[in-house]
Amino acid sequence: MSDRTKSDYEVIVIGAGVAGIYQIKLLADLGVNATVLEAAGDLGGTWYANRYPGARFDSESYTYGFSFSKELLDEWHWSERFSGQPENLRYLNYVADKFDLRKYMQFNCKVEAAHFDEANELWRLKISDGRELTCRFVIMAIGLLSIPTPPQYKGIESFKGRAFHTFNWPHEPVEMAGKKVAVVGTGATGIQVIAEIADKVGELTVFQRRPNWSAPLNNGPISEAEMADLRARYGEIFAKCARTPGGFEHEPDRRGFYEVSREERVALWDRLYDSPGFAIWLRNFREIFTDEKANAEFSEYVADRIRRRVKDPVIAEKLIPRDHGFGVQRVPMETHYFEVYNRDNVRLVDISETPIERLTETGIRTTDRDYDLDIIVFATGFDAITGPFDRIDIEGAAGVKLRDKWFDGPSTFLGMLVEGFPNLLMPSGPQSGSASTNYPRGIETGVNWCTNLLKYIWERGYTRAEATLAAQQRWTEHVTKMYSSMLMRKAKSWFTGYNSNLPGHEHGKIRYFVYNGGAPKYVSNINQVAEKGYEGIVFSGSAMPIRRHGTERFKAR
Ligand SMILES: Cc1cc2nc3c(=O)[nH]c(=O)nc-3n(C[C@H](O)[C@H](O)[C@H](O)COP(=O)(O)OP(=O)(O)OC[C@H]3O[C@@H](n4cnc5c(N)ncnc54)[C@H](O)[C@@H]3O)c2cc1C
């Protein structure tokens with residue numbers, strides 16, 4: 001073996017968010033020589049970056065946290081049912097410190113390229129600090145919402161005030177009292193930030209192109225006694241999350257939509273509207289997701305709730321979506337969002353009627369008029385799911401680029417491997433069980449599965465593992481087929497790859513990004529593959545268990 005075959009690391013994990021933290025924990029436990037490379041200045045991923053006011057969970061905090069350590073579960077107190085960004089970031093830091101994981105992490109290390117060196121069966125990674133690092137296995141824990149997409153308006157650089165995307169919200173406090181603030185975008189993030197800042201700014205102008213369905217989060221504090229009860233029930237809670245399609249505690253109402261009377265349906269909806277979190281979405285009738293008529297009836301119910309909350313009927317109608325039904329995309333949850341429009345200092349600008357023409361030195365110009373502004377907040381979302389992959393020059397065997405292969409949309413095996421890209425694993429990749437569910441539940445599943453695959457490889461002394469094309473095609477067809485029964489396929493949403501700020505991501509061309517079969521079915525699928533000796537993956541290499549040779553793979557740095 002030439003020196004070139006000796007890699008710097010056995011495993012490099014890219015990304016230090018929820019997925020990267022758990023992945024390095026498991027590798028450290030195994031004593032594997034591994035490191036985490038993180039582009040940002042510290043760990044936390046989503047919760048490190050998104051510091052905008054109002055950023056918080058829509059997963060119940062206690063179902064979001066890691067489940068792997070009883071000690072951790074016993075120690076941590078979630079202060080709110082849906083906790084906010086500062087607490088979420090504190091939690092992830094607490095986990096990293098408790099398990100002494102920081103020593104494996106390297107920050108300000110953006111991976112710019114990852115090329116597979118066929119001859120030596122290694123990945124060669126080019127890092128933003130100029131280094132080249134090699135590893136046998138690369139684990140992409142790069143997130144699915146980690147590349148923000150600012151809008152493409154003319155004149156953005158000419159604006160003399162402050163302007164930032166919510167993902168890049170400054171780390172130091174932003175003085176907003178008395179200021180004229182604009183929020184562009186009314187998706188999940190816009191809805192959170194608008195509701196939080198409306199009573200703290202001088203004037204708030206909301207630029208809305210398309211309204212989104214949204215319903216009350218119904219957040220509240222968690223007392224010591226409640227936390228003690230949750231701790232006692234953690235086993236039960238996580239077992240329930242594993243049983244439900246969404247990986248939450250919420251279970252669908254299994255009565256048929258048409259089997260119960262209209263009065264009973266409305267009684268359920270009245271209860272759900274006042275219930276915490278995604279209950280309104282996930283404890284509902286299953287037909288909401290698949291049946292146009294059922295969806296339309298429920299959407300009209302929610303529209304009425306909006307009408308009751310917004311005083312000006314013209315504004316209320318503008319806040320009610322017309323181009324999609326409730327729940328066909330991940331539902332933004334709100335806290336007093338609709339009441340914001342009853343305030344004197346808030347105005348709604350419908351940019352579907354009067355589009356933004358450009359930014360000027362002093363603010364925003366629509367086709368109708370100029371708006372003078374001090375601060376512009378772009379809540380314009382993400383290059384979701386495949387964006388973080390597209391930003392790395394990933395080249396597999398035979399010089400194939402991943403971004404070319406996925407140009408029209410991703411194709412994967414189980415959302416975790418890609419044919420032609422040996423030894424590259426994605427614990428929560430496109431078409432995996434993570435994005436359409438409670439993320440960390442999907443992430444733990446994916447990280448466990450990838451780690452078991454690595455153990456299988458190491459125990460047998462293999463040096464190369466790769467999905468077959470046939471297995472990948474079968475999986476992608478399975479994922480694609482599941483979209484056909486879902487109303488979601490029509491939505492202008494990141495679940496279908498739509499993003500008006502990204503060329504090639506216009507409406508009308510679906511990208512099959514997420515696994516819609518629900519968490520239990522996903523887990524059953526991936527477990528079956530493992531039980532059949534990882535059917536669909538081809539292994540090669542020395543076929544000698546590595547521990548016998550005492551190689552460097554298990555030496556942690
Ligand atoms: C505002 C907001 C609220 C959310 N709320 C919820 C919620 O309540 N429930 C839920 O289930 N999900 C929620 N999500 C989804 C959230 O992204 C996941 O819950 C989870 O944090 C994903 O963890 P991750 O480790 O996979 O990815 P991330 O947290 O995105 O971490 C990925 C990391 O990889 C790094 N990275 C990317 N590319 C590179 C590169 N080339 N080189 C080096 N490093 C790189 C990034 O800097 C980042 O730190 C929310 C997302 C957002 C944006």
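The values are calculated or read from the model by the stated rules, or taken from the named source; none is laboratory data. Given the structure is predicted, the values throughout are model-derived calculations rather than measurements. Cβ atoms come from the backbone with ideal geometry, glycine included; neighbour counts cover every protein chain shown.
One line per residue, one yes/no per condition, for (1) within 16 Å of the ligand (Cβ to nearest atom); (2) surrounded by 21 or more Cβ atoms within 10 Å (Cβ to Cβ); (3) within 30 Å of Glu300 (Cβ to Cβ):
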{"position": "Ile191", "(1), (2), (3)": "yes, yes, yes"}
{"position": "Glu196", "(1), (2), (3)": "yes, no, yes"}
{"position": "Leu204", "(1), (2), (3)": "no, yes, yes"}
{"position": "Arg209", "(1), (2), (3)": "no, no, yes"}
{"position": "Trp213", "(1), (2), (3)": "no, yes, yes"}
{"position": "Asn219", "(1), (2), (3)": "yes, no, yes"}
{"position": "Ala228", "(1), (2), (3)": "no, no, no"}
{"position": "Ala232", "(1), (2), (3)": "no, no, no"}
{"position": "Arg243", "(1), (2), (3)": "no, no, no"}
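Pairs only if they're at least six apart or on different chains, beta carbon under 9 angstrom, first in the stretch 355-378 and under 12 Å from Ala182 (Cα atoms), second among the aromatic types (Phe, Trp, Tyr) and surrounded by fewer than 17 Cβ atoms within 10 Å (Cβ to Cβ); list them, first residue then second.
Ile375/Phe164; Ile376/Phe164; Val377/Phe164; Phe378/Phe164
What are the pairs with Cβ atoms under 7 angstrom where one residue, in the stretch 213-227, is under 27 Å from Val331 (Cα atoms) and the other, located anywhere, is of a type in the set (A, V, I, L, M) and not in a strand (DSSP E or B)? Sequence gap at least six, or different chains.
Trp213/Val302; Trp213/Val331; Ser214/Ile191; Ser214/Val331; Ala215/Ile280; Ala215/Val302; Ala215/Val331
Here are some residues: Ile364, Ile443, Ile376. Which one is buried (at least 22 other Cβ atoms within 10 Å of the Cβ), at pLDDT 95 or above, part of a helix (DSSP H, G or I) and of a type outside the set (Lys, Arg)? Give the derivation first.
Numbers: Ile364 fails: part of a helix (DSSP H, G or I); Ile376 fails: part of a helix (DSSP H, G or I).
From the options Ile364, Ile443, Ile376, the qualifying one is Ile443.
Hey, can you tell me all the residues within the stretch 383-416 that are within 20 Å of His505 (Cβ to Cβ), among the aliphatic types (A, V, I, L, M) and in contact with a strand residue (DSSP E or B) (Cβ under 6 Å, 6 or more places away or on another chain)?
If the condition is that a residue be within 20 Å of His505 (Cβ to Cβ), among the aliphatic types (A, V, I, L, M) and in contact with a strand residue (DSSP E or B) (Cβ under 6 Å, 6 or more places away or on another chain), then Ile392, Ile394, Leu402 are the ones that fit.
Would it be correct to say that Ala435 is assigned to a helix (DSSP H, G or I) and modelled with pLDDT under 95?
Considered against the rule, which asks whether it is assigned to a helix (DSSP H, G or I) and modelled with pLDDT under 95, Ala435 comes out as no.
Taking the options Tyr94, Tyr52, name whichever one is aromatic (Phe, Trp, Tyr) and either within 17 Å of the chain's Cα centre (by Cα) or in a loop (DSSP other than H, G, I, E, B) (or both).
Result of the check over Tyr94, Tyr52: Tyr52.
Of all residues being crowded, with 19+ Cβ neighbours inside 10 Å and not hydrophobic (A, V, I, L, M, F, W, C) in the stretch 458-475, which is farthest from Asp408 (Cα to Cα)? Just the residue, please.
Tyr462
Which condition number does Gln106 fail, the rest of (1) within 14 Å of the ligand (Cβ to nearest atom); (2) of a type in the set (S, T, N, Q); (3) surrounded by 19 or more Cβ atoms within 10 Å (Cβ to Cβ); (4) more than 30 Å from Ala232 (Cβ to Cβ) being met?
(3)
From the set of residues in the stretch 228-240 that are in contact (Cβ under 8 Å) with a residue 40 or more places away in the chain and not charged (D, E, K, R), which is farthest from Glu80 (Cα to Cα)?
Per the criteria, the residue is Phe238.
Can you name the condition, by its number, that Phe421 falls short on among (1) surrounded by fewer than 22 Cβ atoms within 10 Å (Cβ to Cβ); (2) of a type outside the set (Asp, Glu); (3) touching a Gly at 6+ places or on another chain (Cβ under 9 Å); (4) closer than 19 Å to Leu125 by Cα?
(1)
Quick grid of which residues meet (1) more than 7 Å from the ligand (Cβ to nearest atom); (2) in a helix (DSSP H, G or I); (3) in contact with a Pro (Cβ under 8 Å, 6 or more places away or on another chain):
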position: Ala16; (1), (2), (3): no, no, no
position: Ala39; (1), (2), (3): no, no, no
position: Asp42; (1), (2), (3): yes, no, no
position: Ser59; (1), (2), (3): no, no, yes
position: Asp74; (1), (2), (3): yes, yes, no
position: His77; (1), (2), (3): yes, no, no
